[in-house]
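Trainee: Sharing a structure with you now.
The values are calculated or read from the model by the stated rules, or taken from the named source; none is laboratory data. Predicted model only: the values in this text are computed from it and were never measured. FYI the Cβ positions are ideal-geometry reconstructions off the backbone, even for glycines, and counts take in every protein chain you see.
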Amino acid sequence: MAETRRQWFRRFVACVLLLITILLPLGPGEVADAETPAASRSDTGYRLDVKGVQGQTLPRDVQKAQVHKIVDGDTIEIVYPPDDWWYKVRLIGINAPESVKPNSPVQCYGKEASKRMAEIIPVGATVYLERDVSDEDQYGRLLRHVWVVDGETGKAYLVSELLTRGGYVDARRYRPDDKYDERLAQAELAAKHGDDGLWGACAR
């Protein structure tokens, strides 16, 4: 009987320890693997929906970063690991419909643009930032061309081009930062011709 009680007690202790391990909060910087999106586990990206957009090699002089938050369809927050300080980044060459601007209504296709941004570069995904001419805008946001690498092909894609070609954003010229203006203009033209995204869904 004593032996049986000892066995029961050992099983009880093991169950308690297992329960504590499951319920114990994660420490700073830790992420539960089961809840981590598959895309964020890859250092090089993941399989992208790149219809109509050509991939390439990464440009020189890019900075590797990690997505911290999706703000809206043209703005994100990033961190430079191992530094955990986040920076707001405004993608150059595009303008998304408003979805989070204070005291402003959500514009047609604003939520869709934000959602598409999160699909292309979800939180935790690796991105590559390319500076054009300007460093920051008047709001203190970094101005950058943002690239993501397809995990299957290894090719790099300009995030603003993917958004523009899908009809989620307008192509806009913000001189002097105009390195990819013509590429984005062509992507917008293709989206217009196909009535893709906001071009087919919103009154223009």
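Trainee: Tell me the residue from Ala96, Ala2 that is over 13 Å from the mean Cα position of the chain (by Cα) and at pLDDT 60 or above, please.
Mentor: Ala96
Results for (1) over 21 Å from the mean Cα position of the chain (by Cα); (2) modelled with pLDDT of 95 or more; (3) assigned to a loop (DSSP other than H, G, I, E, B), shown as yes or no for each residue.
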residue	(1), (2), (3)
Pro122	no, yes, yes
Tyr128	no, yes, no
Leu143	no, yes, no
Val146	no, yes, no
Val149	no, yes, no
Glu152	no, no, yes
Lys179	yes, yes, yes
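Trainee: Same structure again: Of all residues in the stretch 83-96, which are within 18 Å of Tyr139 (Cα to Cα) and in a loop (DSSP other than H, G, I, E, B)?
Mentor: Hits for the stretch 83-96 are Trp85, Ile92, Gly93, Ala96.
Trainee: What residue, of Ala191, Ala187, Ala203, is under 21 Å from the mean Cα position of the chain (by Cα) and among the hydrophobic types (A, V, I, L, M, F, W, C)?
Mentor: Answer to the check: Ala187.
Trainee: OK, next. Take Tyr139 and decide whether it is in contact with a Pro (Cβ under 9 Å, 6 or more places away or on another chain), more than 23 Å from Arg60 (Cα to Cα) and in a loop (DSSP other than H, G, I, E, B).
Mentor: For Tyr139, the condition - in contact with a Pro (Cβ under 9 Å, 6 or more places away or on another chain), more than 23 Å from Arg60 (Cα to Cα) and in a loop (DSSP other than H, G, I, E, B) - is not met.
Trainee: Can you name the condition, by its number, that Glu161 falls short on among (1) loosely packed, with under 14 Cβ neighbours inside 10 Å; (2) touching a residue at least 24 places away in the same chain (Cβ under 8 Å)?
Mentor: Checking Glu161 against (1) loosely packed, with under 14 Cβ neighbours inside 10 Å; (2) touching a residue at least 24 places away in the same chain (Cβ under 8 Å), the one that fails is (1).
Trainee: Filter the stretch 168-195 for residues that are crowded, with 20+ Cβ neighbours inside 10 Å and without any contact (Cβ under 8 Å) to a residue 40 or more places away in the chain; which is nearest to Glu136 (Cα to Cα)?
Mentor: Glu188
Trainee: Still on this structure: Among (1) crowded, with 17+ Cβ neighbours inside 10 Å; (2) assigned to a loop (DSSP other than H, G, I, E, B); (3) in contact (Cβ under 8 Å) with a residue 60 or more places away in the chain; (4) polar (S, T, N, Q), where does Gln66 come up short?
Mentor: Unmet for Gln66, out of (1) crowded, with 17+ Cβ neighbours inside 10 Å; (2) assigned to a loop (DSSP other than H, G, I, E, B); (3) in contact (Cβ under 8 Å) with a residue 60 or more places away in the chain; (4) polar (S, T, N, Q): (2).
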